[in-house]
Amino acid sequence: MYEHDGEQYFVMDSHIHFWDASPENWVKGQENYAKGWIECFHAYQSLAPPETHWPIEKFQKYSEEDFVKDVFEEGHVDIGVFQSTYLKEWYSDGFNTAEVNARLADKHPGKLITNGRWDPREGEAGIKQLEEDAERYGLKGVKLYTAEWRDGSRGWKLTDPEAVPFLERCQALGITNVHVHKGPTIWPLDKDAFDVSDVDHVATDFPELNFIVEHVGLPRIEDFCFMATQEPNVYAGLSVVLGGLMHSRPRFFAKVMGELLFWVGEDKMLFGSDYGIWEPKWQVEGLVEWNYPDETFSDFPAFTTESKKKILGLNAARLYGVDVPQEYRLPDEAGTPAAREDAELVEGRT
Amino acid sequence: MTDRERVLDALGTVYDPELDEPITSLEFVSSCDVTAGGDVSVRLRLPTPQCAPNFAYLMVADARTAVRRLPGVGGVTVVLEDHYTGDEINAAVGRGEGFSEAFPGETEGELDTLRSLFHRKALVARQSGLCEALLAAGATPEEVTARRVADLPDEPDARRCLELREHLGIPHHDGAPAFVLPDGEPIAAADLRRWLRMARLVRTSLEVNGGICRSLLAVRYGIPDPEEVAA
C-alpha cells in the first residue's frame with residue numbers, strides 16, 4: 001500500500017522476477033548467451049535513478065532478503081505476480097522458474113502469485129506439464145516468451161497450430177491471464193520478431209482469456225495500441241515503460257503514457273516493475289506523482305487519482321480475482337472507452 | 001575532404017531500418033579506417049548483443065554497398081562487432097551473400113518485405129511532423145492535403161519523405177500529393193485529424209525506440225548519453 005496526499009493506493013505489481021543468472025548457473029558452451037542476456041538487462045537498469053543501480057554481481061543473483069526489502073518493505077507492493085522465464089538453453093536450472101518462484105511465494109502467503117509457462121514446441125509433454133503446474137501452483141496466469149530458443153528453433157508464434165491446444169487447456173483450467181512477451185529472435189528470422197499480430201488473432205479466438213502484452217509490445221507500441229483498441233481482452237503491461245522511460249526519458253514517457261491512455265484506456269493498463277531490473281519503490285512513487293509536463297499534451301486523456309489507483313493495482317486485482325480491501329476501492333467502476341473508430345482508419349495502412 | 005570523411009559521408013546515407021536514422025548519428029560506427037592504398041575497414045556496433053539479426057544484417061550489408069560505391073575505393077571490410085550472430089552476418093556480407101545465406105534454414109526469404117514495412121512506418125512518422133507543423137502555422141486540413149511535393153520545404157524530414165517514397169515506388173514528382181497513404185493515395189482532408197492521431201503514435205514509437213537504443217548503446221560502450229530529443 002502506498003499513501004500519498006491523503007490517498008491510499010493498493011499496489012499490485014504484475015511483473016516481478018526472482019532469478020539466478022550467476023555464472024554457476026550458465027550452461028556449458030552457452031556462457032556468452034547467458035552472460036550477454038543478464039548484462040543486457042543490467043544495462044536497462046541504468047535507465048533508473050542512479051541511487052537504485054546495483055553492481056553486476058548482485059544483479060546476477062539477488063537474495064531473498066533483497067527481494068523482501070525491495071518489493072514489500074520499501075517497494076509498497078501488496079501483491080506481486082511472478083512471471084516465470086525459463087531460458088533453460090542458457091541457464092542450467094532455468095533463469096526464473098515457477099518452481100523457484102513458488103518456493104518463495106509459499107513463504108509469503110497471500111502476497112505472491114506464481115505464473116506458469118508453456119511452449120507449444122513441447123507438444124503432449126508440455127500439455128501434461130501445464131496441467132501438473134496448474135494443480136501444483138494454482139495457476140491463474142502464464143507468461144509466454146515467444147523468442148525462447150529450443151532445439152535449434154529461435155522462437156514461435158501464438159498462431160502456430162501447436163499453440164491452440166495449450167490455449168484451449170488454459171481456458172479449460174481457468175488460467176485466464178496470458179502474459180505475452182515478444183523477444184528479439186524468432187523463426188523465421190526474416191520477419192519482424194516483435195510483430196504482435198499473432199496476439200490479435202488469438203485474442204479473438206479465445207475471448208475468455210485475457211492477453212496482457214508485456215512492455216506494451218515495445219518496440220512496436222503502435223501495432224500494440226491499434227490492436228488493443230480492437231480487442232476487449234487485450235491489456236497493456238507497463239513494465240519497461242515505467243522503468244525504462246519515466247526517469248531517463250521523461251518527455252517520451254509522457255507521450256507514451258498519453259498514447260496508451262488514449263488508445264488502450266486506464267482500465268486496461270497494469271503496473272509492472274520488472275523487478276529485479278528495476279525496483280518498484282521509485283516507480284510507484286513516480287507514477288503517483290506523475291502528470292503531463294505541460295499544455296502541449298492537452299489533447300491526451302487526463303491522468304487522475306482514479307487512473308492511478310486502477311493502473312497501480314485495481315485492474316490487476318480484477319484480472320487475478322484478488323479481493324481488494326474496501327478502503328482502497330473506487331466508488332464505482334467508470335471506464336474510459338478506447339478510441340476504436342480511430343483505429344479503423346489504420347486497418348488498411350500496411 | 002579526406003578519404004575517411006568521404007567514407008563517413010557514405011555511411012551517413014545508411015539508415016537503421018527500424019529507427020529510420022543514419023547509423024552515423026546513432027553512433028553505430030565504432031571505427032572507420034582508410035589505408036593509403038584506399039582499403040576501407042569499418043566496424044559497426046549495436047546497443048545490445050541481441051539486437052534483431054535481420055536489421056543488423058541490413059545495416060552491415062548496406063554499409064558495405066555504400067562504401068564500395070565510392071570511386072577509388074580498394075578493398076572494403078565491414079564488420080559487426082559484439083553481436084550474437086556477428087560471425088554469420090560478417091561472413092555472409094563479406095562474401096556478398098544475402099540474409100538467407102547467412103542463416104540457412106532459418107529464413108523464408110530475403111528482407112525486402114521487412115524493409116518495406118519499416119519504410120512505410122517511417123514515411124507515416126515523417127509526414128506527421130510536417131503536417132503538424134503546417135496545421136500549427138494556421139493551415140486548414142484542406143490546405144494541408146492540397147499541398148503538392150513541390151510545396152514541401154527543403155528540410156531533412158521532407159527530403160527523407162521523398163527518398164522513402166522512391167524506395168516504396170510511390171510517385172514523388174513535383175505535382176504529386178505532398179502527403180500520401182502507404183498505397184500512394186492522397187490523405188483526404190476529412191481524414192487528416194484521425195490520420196494524424198495514428199501517425200503521431202507511429203512517430204512516438206520510432207522516437208522512443210531510438211531513445212532506448214541510444215541509452216543502451218551509451219551504457220554498453222561508455223559514451224555520453226545524449227539529451228532527450230522529443231518534439
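Coordinate-derived values only; no laboratory data. It should be emphasised that the depicted structure is a prediction, and the values quoted were computed from it without experimental measurement. All Cβ positions, glycine included, derive from the backbone under ideal geometry; neighbour counts span all protein chains shown.
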From the cross-link list A:191/A:310; A:255/A:309; A:28/A:58; A:28/A:281; A:107/A:128, which pairs have alpha carbons spaced over 25 Å apart? A:191/A:310; A:28/A:281; A:107/A:128
Kindly provide log₁₀ I(q)/I(0) values, in the same order as q = 0.18, 0.30, 0.33 Å⁻¹, from the Debye equation applied to equal alpha-carbon scatterers of region A:222-261. -0.51, -1.03, -1.11
Taking the dipole of region B:76-140 about the Cα centre (Lys, Arg +1; Asp, Glu -1; charges at Cβ), the one of B:140, B:80, B:124 that reaches farthest to the positive side is B:140
Stick to Cα atoms and the Kirkwood definition of Rh, then tell me Rg/Rh for region B:165-231. 1.16
Placing +1 at every Lys and Arg Cβ and -1 at every Asp and Glu Cβ, with all other atoms neutral, what dipole size does the protein assembly as shown have around its Cα centre, in debye to the nearest 20? 600
From the helices alone, meaning DSSP H stretches of at least four residues, give me the mean residue ellipticity at 222 nm for chain A, per-run term -39500 (n - 2.57), in deg cm²/dmol to the nearest 500. -9500 deg cm²/dmol
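Largest first and in whole Å, give the semi-axes of chain A's equivalent ellipsoid, each being the square root of 5 times a Cα gyration tensor eigenvalue.
The three semi-axes for chain A are 28, 25, 21 Å.
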On a C-alpha basis, how far is the centre of region B:67-89 from the centre of region A:149-172 in Å? Whole number, if you could? 38
Taking the dipole of chain B about the Cα centre (Lys, Arg +1; Asp, Glu -1; charges at Cβ), the one of B:175, B:48, B:213 that reaches farthest to the positive side is B:175
Under 8 Å for C-alpha pairs, at least 6 residues apart: give me the relative contact order for region A:1-118, rounded to a whole percent. 34
Would you tell me the mean number of C-beta atoms belonging to other protein chains that fall within 10 Å of each C-beta in B:211-219, as a whole number? 5
What 222 nm value per residue comes from the helices of chain B, counting each DSSP H run with n ≥ 4 as -39,500 (n - 2.57) and dividing by all residues, nearest 500 deg cm²/dmol? -15500 deg cm²/dmol
Run the numbers on region B:61-180 and let me know its relative contact order in percent, using alpha-carbon pairs under 8 Å that are six or more apart. 19
Starting from the amide H of residue A:212, placed 1.01 Å from N in the peptide plane, find each other amide H under 5 Å away whose residue is 5 or more places distant or on another chain. A:178, A:179, A:180, A:235
Partner shielding of B:47-55, taken as the mean number of other chain Cβ atoms within 10 Å, equals 6
Under Karplus coefficients 6.51, -1.76 and 1.60, residue-wise ³J(HN,Hα) of region A:78-85 in Hz, glycine/proline x: 7, 9, x, 10, 7, 9, 5, 9
Report, in debye and to the nearest 20, how large the dipole of chain B comes out about its Cα centre when Lys and Arg carry +1 and Asp and Glu carry -1 on their Cβ. 300
Any idea what the dipole of region B:26-98 comes to, in debye rounded to 20, about its Cα centre with Lys/Arg Cβ at +1 and Asp/Glu Cβ at -1? 240
Could you compute how fast region B:1-152 diffuses translationally, taking Rh as the Kirkwood radius over C-alpha pairs and applying Stokes-Einstein at 37 °C with viscosity 0.692 mPa s? Give it in µm² per second. 190
Using alpha carbons only, how many angstrom separate the centre of region A:1-28 from the centre of region B:6-66? 38
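Express the Stokes-Einstein translational diffusion coefficient of region A:1-102 in µm² s⁻¹, to the nearest whole number, given a Kirkwood radius over alpha-carbon pairs, 20 °C and a viscosity of 1.002 mPa s. Could the numbers behind the result be given before it?
Numbers: Rh = 14.9 Å.
The Stokes-Einstein estimate is 144 µm²/s.
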Would you please give the residues with an amide H less than 5 Å from that of residue A:4, counting only those at least 5 places away or on a separate chain, with H modeled from the backbone geometry? A:9
Relative contact order (%) - region A:92-199, alpha-carbon pairs under 8 angstrom, separation at least six: 24
Using only the alpha-carbon atoms, what does region B:125-201 span along each of its principal axes? Please give whole angstrom values in decreasing order. 28, 23, 21
Give the residue from A:97, B:28, A:247 lying farthest towards the positive end of the charge dipole for the protein assembly as shown; charges sit on Cβ (+1 for Lys and Arg, -1 for Asp and Glu) and the dipole is referred to the Cα centre. B:28
How big is region A:54-158 by the Kirkwood estimate over distinct Cα pairs, in Å? 15.1
Count, for each residue of A:180-192, the Cβ atoms from other chains sitting within 10 Å of its Cβ, then give me the mean as a whole number. 6
